[in-house]
Amino acid sequence: MNLVPTRIDFARPLPPLTYLAPEGLAPGCRVRVRLGAGAAVGIVLGPDPSPPDLKLLPIGSVMDPFPLLPPGLWELLAFAAGYYFCGTAHLMALCLPQAVAADWHATPPDGRGLAELRDAGAFDELARIGEAWHRGEVPIPRLFHRRSRVGRGVSEIRRTPLPLPKKPLAAQAKILLALEQEGGVMLESALLEAAGVGASVLGTLERNGLIERSRRLDLLSQRREEGLDRRVELSPDQQQVVDGIGGGFGVHLLYGVTGSGKTEVYLELAERALRAGKRVLWLVPEIGLTPRLLARLEARFPGKVAVGHAGLNASEKQADVVRLLEDGAPIFVGVRNAVLAPLRALGLVIVDEEHEGSYKSEEHPRFHARDLAIKRAQIEDCPVVLGSATPSLESWQSAQEGRYRLHRLRERPVGITLPTVEIVDLRETYRVEHRRVVFSPKLVSAMGETLRRGEQSMLLLNRRGFENWWLCRACGKTLECPHCSVSLTYHKGAFRLRCHLCGFETVPPEACPACGEARLRGVGEGTERIEEDLAALFPTARILRLDRDTTSRRGALEAGLLAAEQGEVDILVGTQMLAKGHTFPKLTLVGVLNADQGLKIPDFRAGERTFQLLTQVSGRAGRADRPGRVLIQTYSPEHPAIACAVAQDFEAFAASELPFRKAMAYPPYAYLALFRSAGRSLEEAFGLLQELRGRAEALPGSRDTVRLLGPLEAPIVKARDNYHAHLLVKATSRQGLGRILTGLDPGPAAHSTLDRDPLSFTV
Ligand code: ADP
Ligand code: ZN
């Protein structure tokens, strides 16, 4: 076997290293090597044309016979690694769990076994087999180890590619027939019932390799609602959108209010892609909030949907990845990381609620799934549909400039009307009541009426806990976290003061730690306090609070939402997690307690986020046949984010916000990169950034291309005992920014300091 110098990448803060590896080993294969004193898994990047002048170590062993990732995905990883300045191996770890490994005993039809080819050093031949396998030309029975197939949850049975036995037993034939009729995959319970046989038959079939059993979390077969699988006839508007989305690459922005029928458009497009023999990648911001969507999908495409989300454990993730690699599910619905899912032959990419911040990873590698989805569609030459009722201004502006194609759904289908949205001017309330009030009289009376009608209200306050902070009325100090520069929040039920940043908690002191006076007092209110006040205002109402504190247990949020959906709750109170993607048939009143809250955050997107939140939460009211009413309490009703949300007019908001972005040179008119640095002292944190700034200024052409801001203290300067600083790089072109960042590249060890296209600026 001929060994040649080969570059290997690791999911560690290291540059790629050169080892000796078999000639012909394809880029994308994983290998085990010695690294320092230990062992590591690395990814083959390719031969090293100019190896270092050192004695090179040979690799330990080859893990993959050929790259398991489809070629298009490998290309996406290469792009993302270059764009976000992170190693390919870091990204690969997100799409292929290490435990998913090929079975070297597998033998392609009419060929030699994989292990045999490996031992003969025929890696060229293996690479060719892999390419043919990815093209769907060579089926390889049982390519994967069994252990990557098991998981918790319901048991699912699927047919393997092995040919039918010549003379199956009657019971076995019944099972195989029933499976065939359902497209090759069924839940175990449904299969046994359909075939009318006992479970022992399955064991025999499984041992003979005719079927496979996998376990998965039961997200899909959750209760089916009436009418979910009902097919609607698309409205002329919807049909026009579908017709306007071709089969080749194009970015389509689908803009329409909640309930305007966007999902029906996605479903139609998905069906079209499946008919063409292609696969569908469907991204959603959060799985926990979309049981209805999953049920709709499963009803329309039974057995064809796989789901990936953050709550899966390792073995469930492995089972999913194997299922995708074996083409076991042509539709994959998932959250952020799903953009890297190993599906082949994509025919459609959907990014639902494309404006959601959860698509951006806030840890290294800090990619944006929406942006990678666009790149992936380009590589696969298929359309990508970004849908939203409140598009991000970046996407909106791209559509205005003609780079994306804009499609609108103007009306809600018959029978569903937009809610009426009203302002409650808290300045007015203050003049009348002579004190700050949490619940305006108008809101209280509206809630009373809603209760009497037997309908539901929802109150939004984006702050959990009981009181926001504790203030000493003797010395004026507030109680701060000892590790962070934020105040502690009082949680009454737990009787603790807590830091919402680092999780520090302490029993509330009786006296001020600074001056010793026992004159501490809580200020401001959180959801816990609201819940208590509501119980006093409406003693007979059934109240449910949903926030991070009440939903930390797995399944608690889902259970709460379900109870609310089924009308077992009169008043829902919670944080923004209530605003998103759920339908409550009895909900007719939405109250926003303090709409100004998000506007005070030092972030140029504060207005945009406030507008989105208010619009989304308003969209919850009155979806079914009852008209909805929304009351927005605010001290600044003239603020465009609030005024436009009241008018339910996204375009007016965009028109008022965009000139400000342009004047201040912020996205979408500029491209940003943020270098973050943390140190034991502010000086230390500033040091690295100062050095970067110096280097940036010395780069040729940098003065014309970028503006540098900083080093500056981060808005939350101290977090978890570290001091945080920022250096912001602004450019008017993406390419220009890319050139400067490449020149500045702080090296793999410091790549995690760089955040390209940042969304969060607090720490
Ligand atoms: P969105 O995704 O924009 O929130 P949906 O596609 O979920 O909107 O549509 C909202 C509701 O209207 C759903 O119950 C859906 O089945 C129904 N609907 C959508 N389009 C039509 C149509 N053309 N005819 C009848 N009902 C429709
Ligand atoms: Zn803290």
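Assorted remarks:
- Of the helices (runs of 4 or more DSSP H) that lie entirely inside segment 609-726, those containing 2 or more residues that are under 27 Å from the mean Cα position of the chain (by Cα) span 640-647, 650-664.
- Residue in segment 3-11 that is more than 21 Å from LEU69 (Cβ to Cβ) and at pLDDT 95 or above present: yes
- Cβ separations smaller than 6 Å between residues 6+ apart or across chains give the following pairs from segment 182-198 residues that are closer than 20 Å to ARG300 by Cα and assigned to a loop (DSSP other than H, G, I, E, B) to residues that are of a type outside the set (Gly, Ala, Ser) and open to solvent by less than 70 Å² (accessible area, probe 1.4 Å): GLY184/ARG158; GLY184/ARG159.
- Within segment 565-608, the residues that satisfy the criterion of being of a type in the set (A, V, I, L, M, F, W, C), surrounded by 20 or more Cβ atoms within 10 Å (Cβ to Cβ) and in a loop (DSSP other than H, G, I, E, B) are VAL569, ALA579, PHE584, LEU593, ALA595.
- Among the conditions (1) in the same structural domain as PRO637 (by TED's automatic domain parsing); (2) on the phi < 0 side of the Ramachandran plot; (3) open to solvent by 20 Å² or more (accessible area, probe 1.4 Å), the only one that ARG707 does not satisfy is (1).
- Condition check for ALA270: away from ligand 2 (no atom under 16 Å from the Cβ), surrounded by fewer than 21 Cβ atoms within 10 Å (Cβ to Cβ) and aliphatic (A, V, I, L, M): no
- Some residue of segment 436-447 being buried (at least 20 other Cβ atoms within 10 Å of the Cβ) and either within 16 Å of ligand 1 (Cβ to nearest atom) or of a type in the set (Val, Ile, Thr) (or both): no
- The residues in segment 273-306 that are touching a Lys or Arg at 6+ places or on another chain (Cβ under 7 Å), crowded, with 22+ Cβ neighbours inside 10 Å and closer than 27 Å to LEU614 by Cα can be counted, and the count is 0.
- The listed residues are ARG545, ARG554, and the only one of them that is of a type in the set (D, E, K, R) and closer than 26 Å to VAL438 by Cα turns out to be ARG545.
- For first residues located in segment 134-146 and farther than 21 Å from GLY72 by Cα, partners that are open to solvent by 80 Å² or more (accessible area, probe 1.4 Å) and lie 6+ apart or on another chain with Cβ distances below 8 Å form the pairs PRO141/PRO161.
- One residue from ALA663, ALA673, ALA654 being hydrophobic (A, V, I, L, M, F, W, C) and surrounded by fewer than 18 Cβ atoms within 10 Å (Cβ to Cβ): ALA663
- When PHE79 is tested against (1) farther than 30 Å from ALA750 by Cβ; (2) open to solvent by 20 Å² or more (accessible area, probe 1.4 Å); (3) modelled with pLDDT of 95 or more, exactly one condition is not met: (1).
- Tally, over segment 505-540, of residues that are surrounded by fewer than 17 Cβ atoms within 10 Å (Cβ to Cβ) and part of a loop (DSSP other than H, G, I, E, B): 14
- Lone qualifier among ASP53, ASP48 - being open to solvent by less than 60 Å² (accessible area, probe 1.4 Å) and acidic (Asp, Glu): ASP48
- Single match in ALA270, ALA306, ALA319, ALA276 (criterion: within 25 Å of LEU406 (Cα to Cα), in contact with a helix residue (DSSP H, G or I) (Cβ under 9 Å, 6 or more places away or on another chain) and either free of Cβ contacts under 8 Å to residues at least 24 places away in the same chain or of a type outside the set (D, E, K, R) (or both)): ALA270
- CYS472 vs. criteria within 16 Å of ligand 2 (Cβ to nearest atom) and not assigned by TED's automatic domain parsing to the domain that holds ARG680: no
- Subset tally (residues that are out of contact with any Ser or Thr (no Cβ under 9 Å at 6 or more places or on another chain) and either crowded, with 17+ Cβ neighbours inside 10 Å or in contact (Cβ under 8 Å) with a residue 40 or more places away in the chain (or both)) for segment 541-557: 3
- If the condition is being farther than 15 Å from LYS580 by Cβ and open to solvent by 10 Å² or more (accessible area, probe 1.4 Å), then segment 383-395 contributes only GLU394.
- When residues of segment 107-121 are limited to those that are surrounded by fewer than 18 Cβ atoms within 10 Å (Cβ to Cβ) and in a loop (DSSP other than H, G, I, E, B), the one modelled with the lowest pLDDT: ASP110
- Residue ID - farthest from the chain's Cα centre (by Cα), chosen from residues in segment 215-234 that are open to solvent by 40 Å² or more (accessible area, probe 1.4 Å) and at pLDDT 70 or above: GLU233
- Of the candidates VAL335, VAL321, the single residue that is aliphatic (A, V, I, L, M) and either at pLDDT 85 or above or within 21 Å of GLY555 (Cβ to Cβ) (or both) is VAL335.
- Top-ranked residue of segment 400-420 - restricted to ones that are buried (at least 20 other Cβ atoms within 10 Å of the Cβ) and at pLDDT 95 or above, ranked as farthest from ligand 1 (Cβ to nearest atom): TYR404
- Scanning segment 731-763 for residues that are in a loop (DSSP other than H, G, I, E, B) and open to solvent by less than 10 Å² (accessible area, probe 1.4 Å) gives a single hit, PRO758.
- Residues of segment 363-398 that turn out to be more than 20 Å from PRO285 (Cβ to Cβ) and in a helix (DSSP H, G or I), as a count: 4
- For LEU459, the stated conditions do not hold, so it cannot be described as open to solvent by less than 30 Å² (accessible area, probe 1.4 Å), within 16 Å of ligand 1 (Cβ to nearest atom) and touching a residue at least 24 places away in the same chain (Cβ under 8 Å).
- Any chance HIS500 is more than 16 Å from ligand 1 (Cβ to nearest atom) and open to solvent by less than 60 Å² (accessible area, probe 1.4 Å): no
The values are calculated or read from the model by the stated rules, or taken from the named source; none is laboratory data. Remember, it's a predicted structure, so these values are computed and weren't measured experimentally. FYI the Cβ positions are ideal-geometry reconstructions off the backbone, even for glycines, and counts take in every protein chain you see. Note: areas computed on protein heavy atoms with side chains; ligands, DNA, RNA excluded. Shrake-Rupley method; radii C 1.70, N 1.55, O 1.52, S 1.80 Å.
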